[in-house]
Structure formats: C-alpha cells, structure tokens
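Please read the structure below before turning to the comments.
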Amino acid sequence: MTIAWLQRPSFILLILILIVTASGVAITGQAQQELLPLRVTLERVTILRVPNWVALNEGIYKKNGLDVDQCVPQNDVNDLKRILGIDAPPQYRCKPGGAPPPITIGGGLPTSFMSQFEINDAGTPQVKRVILATVQNRTNYVMIARKDITAPEQLRGKRIGVTSFYNIMGYQALLFTQAMGWWPGKDITLIEEPTGTMEGLETGQYDAYIAGEGLPGWQATQAGLKPLIDFKTWKIPMTSSSVNADTAWLTEHRETARRFIKSMVDAIAMMKQDKQTAFRAMAKYYGITDPQMQAYFYSTWDFPAKPYPAVEGLRIAQKLYANFPGLRSDELKNARIEDYIDDSFIRELDRSGYVDSLYKK
C-alpha cells in the first residue's frame with residue numbers, strides 16, 4: 001500500500017518540483033559566488049608585497065570569490081634588473097596605461113594620509129583613499145652611513161637620503177632627528193632621492209640613507225655595510241605598507257573589499273606557517289630563486305596576524321610633520337584620523353574568531 005502511494009502521479013510531480021526548486025537554489029548560490037573582478041597595484045619589491053603574490057599563486061583570491069588582476073610595476077622590473085641583475089618574468093609585468101586601480105598596496109602614510117595635505121602646484125585634487133589594513137605597523141628599517149661615520153652624533157650637519165620627505169623613509173628620518181634633539185634644515189639636511197639605494201652614498205650625494213627591508217637592505221648587506229641605526233629595535237608605531245582604497249569606489253564595492261582583506265589575512269597566515277609558499281611566490285613573480293636571498297627577504301618582517309590600520313602611527317605623523325615645509329599645516333593638525341581609515345573588515349574577521357582559527361593548527 002505504501003509503495004502504491006509512492007507511485008502516484010501527484011507524488012512524482014511533487015518530487016520533480018522539489019528537485020527543480022533545489023536546483024534553482026543551487027544555481028542562485030553559484031551565481032552569488034561568481035568571481036568579482038579587482039585590479040590591484042603593488043609597489044616595491046619587498047616581503048611586504050609577498051602576501052598578495054601568495055594569495056594569487058596559491059588560489060586564495062579565487063577561493064574567496066575574486067578574480068584579481070595583479071602585476072609587477074615597471075619600476076620594480078627596473079629595480080630587479082638594476083640591483084639584482086634579475087629579469088622579472090615578462091608575463092607578470094604590468095602593461096602601460098589604464099585607469100588608476102581602486103586598491104593600492106603601499107605606504108599608508110604617504111598614499112592615504114600625508115598626500116592629502118601636500119601643497120600641489122598643479123591644483124590637481126588628490127584621490128581620497130582610506131586605509132583598510134596595515135601590514136607593517138612599527139619601525140623596521142635601517143640607517144646606513146659612510147664607513148667613517150660610526151656614531152649617530154657624527155651625523156650632525158650632514159645629509160640623510162630618503163625616497164620621499166613624506167613617506168615612511170622620511171618619517172623614520174624625522175624620528176631620528178627628533179630623538180637627537182635636532183631640527184631638520186638646521187642640524188641635519190634631508191635629501192630626496194627616489195631610488196633609495198646606496199649609489200647616492202657612493203657618489204657623495206648624502207652621508208647616510210634610510211634603507212628599506214627589500215632590495216636596498218639586501219644591496220647594503222651584500223656590500224658589507226653595517227646599519228648605523230636599526231629602527232626595528234625602536235618599535236615606534238608607524239603606518240607603513242597598507243591596503244589603500246579609493247573611497248568613491250569603496251562605497252559601491254564593499255563586498256569586493258571584504259573578500260580582498262580576507263584573502264590577505266589568509267595569505268599572511270599561510271606564509272607565517274609555511275615559508276615555502278612565500279619562496280614559491282618570490283620565484284614565480286619576481287624571478288628571485290636564490291635560496292639565500294629568499295631567506296633574507298622572508299626574515300625581514302613578521303606580519304601581524306590581525307593587520308588593523310595603524311592609527312597610532314598616523315597620530316605620531318600628524319605631530320611629527322607639524323609645520324613641515326610643503327604641507328598645509330593647519331589642515332594636517334586639525335585632521336580627524338578616523339576619517340582616513342576603515343577598520344570594519346579586519347574587525348569583522350577578528351571578532352568572529354576567524355583570524356584566530358587560522359592559527360589553531
């Protein structure tokens with residue numbers, strides 16, 4: 001009797017309807033997981049960019065629902081060739097032209113904050129960006145000086161090279177000047193040199209320079225130059241390598257941003273627990289295959305598991321650059337730091353316990 005009831009046309013029709021409905025739900029779910037497109041620009045060859053290459057190489061972006069267009073900028077291609085003699089793989093190099101990307105990975109201090117207060121002679125308004133995450137949140141670079149300069153006090157009256165007055169190199173140079181009780185332009189002269197390498201030291205352009213943990217640090221190490229000052233030991237908050245998002249774009253693409261930040265958190269966790277993922281990414285996208293070089297890059301920074309925007313670093317910069325030439329000082333002093341960050345994506349991952357879950361194994 002039960003079997004006969006199951007064979008009734010009405011019951012079979014009901015089953016077919018349920019199957020079709022379930023299929024529709026599955027298709028809708030798949031549509032919701034369609035990959036969202038995103039173009040990202042990375043700046044400078046450094047361990048700080050490797051999480052993004054790991055996210056691409058290990059399929060983390062796609063797992064989180066993103067189709068990311070990410071490439072090696074021409075300046076980085078040039079630096080790899082000039083400093084290391086390495087040809088970056090052509091298939092991963094950025095093509096010229098195109099609109100500015102909505103997300104950049106670079107200095108949170110100049111890109112999203114300090115640049116908003118620079119005096120622009122051309123009158124071109126800066127693209128307003130906010131910091132979504134900061135992967136380098138405390139001082140970490142070194143100061144390299146001429147070999148005859150063996151003590152910081154000997155730099156009084158001398159010249160220090162920085163890649164920009166307003167970026168994280170200039171920031172650490174000003175921290176040094178402040179610690180010594182000196183005044184920029186009076187007791188010490190800052191020289192802007194975009195390459196940030198030891199060539200300026202060799203040609204006498206400056207007497208010391210701030211070297212980053214990437215190519216400049218490796219170059220100095222290979223030349224046998226010892227740091228006069230290691231800012232890593234200072235442990236002063238700073239807002240360095242950050243995820244900077246165009247505020248106009250962010251308003252309409254918060255889900256894309258959410259997936260991107262999750263991908264970076266995933267990649268950082270993977271790198272911290274398996275250095276081979278970092279080595280694979282360095283070899284594939286930068287052409288860095290020397291094990292010694294890979295190990296050096298990997299050792300230069302320990303990423304925060306929860307890369308909140310480094311607010312305290314911005315507050316210090318706000319005071320440090322007060323009355324600095326080339327800036328609209330009154331606007332800088334009165335700026336509300338919270339207007340230049342959006343920590344909601346990191347906070348969501350943190351409070352849900354997701355970040356901690358990545359490290360339990």
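Criterion first (aromatic (Phe, Trp, Tyr), within 23 Å of Gly212 (Cα to Cα) and touching a strand residue (DSSP E or B) at 6+ places or on another chain (Cβ under 7 Å)) does Tyr296 satisfy it? Answer is no for this residue.
If you filter region 322-360 down to residues that are among the polar types (S, T, N, Q) and over 13 Å from Gln116 (Cα atoms), you find that the one that is most open to solvent (accessible area, probe 1.4 Å) is Asn323. Within region 77-110, which residues are touching a residue at least 60 places away in the same chain (Cβ under 8 Å), farther than 23 Å from Val130 by Cα and of a type outside the set (Gly, Ala, Ser)? Asp79, Leu80, Ile83, Leu84, Ile86, Asp87, Pro89, Tyr92, listed by residue number. Considering region 176-233, the residues that are among the charged types (D, E, K, R) and more than 24 Å from the chain's Cα centre (by Cα) include one that is nearest to Glu43 (Cα to Cα), namely Glu199. Determine whether Ile119 is in contact (Cβ under 8 Å) with a residue 60 or more places away in the chain and surrounded by 21 or more Cβ atoms within 10 Å (Cβ to Cβ). Against the criterion (in contact (Cβ under 8 Å) with a residue 60 or more places away in the chain and surrounded by 21 or more Cβ atoms within 10 Å (Cβ to Cβ)), Ile119 does not qualify. Selection over region 44-62 of residues that are more than 19 Å from Thr289 (Cβ to Cβ), in contact (Cβ under 8 Å) with a residue 60 or more places away in the chain and either among the aromatic types (Phe, Trp, Tyr) or open to solvent by 60 Å² or more (accessible area, probe 1.4 Å) (or both) gives a count of 2.
Residue by residue, here is whether (1) closer than 24 Å to Leu36 by Cβ; (2) small (Gly, Ala, Ser); (3) assigned to a helix (DSSP H, G or I) holds:
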position: Ala257; (1), (2), (3): yes, yes, yes
position: Phe260; (1), (2), (3): yes, no, yes
position: Val265; (1), (2), (3): yes, no, yes
position: Gln276; (1), (2), (3): no, no, yes
position: Met282; (1), (2), (3): no, no, yes
position: Thr289; (1), (2), (3): no, no, no
position: Gln292; (1), (2), (3): no, no, yes
position: Ala295; (1), (2), (3): no, yes, yes
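Do we have Asp302 as open to solvent by 60 Å² or more (accessible area, probe 1.4 Å) and part of a loop (DSSP other than H, G, I, E, B) here? Judged against the criteria, Asp302 is a match.
Every test in (1) modelled with pLDDT of 95 or more; (2) open to solvent by 70 Å² or more (accessible area, probe 1.4 Å); (3) out of contact with any strand residue (DSSP E or B) (no Cβ under 8 Å at 6 or more places or on another chain) is passed by Asp266 save one, and that test is (2).
Every test in (1) surrounded by fewer than 16 Cβ atoms within 10 Å (Cβ to Cβ); (2) touching a Pro at 6+ places or on another chain (Cβ under 9 Å) is passed by Lys319 save one, and that test is (2).
The values are calculated or read from the model by the stated rules, or taken from the named source; none is laboratory data. Just so it is clear, the model here is predicted, and its values are computed rather than measured. We place every Cβ from the backbone using ideal geometry, glycine too, and count neighbours over all the protein chains shown. Please note that ligands, DNA and RNA were not included when accessible areas were found on the heavy atoms of the full protein model with its side chains. Shrake-Rupley method; radii C 1.70, N 1.55, O 1.52, S 1.80 Å.
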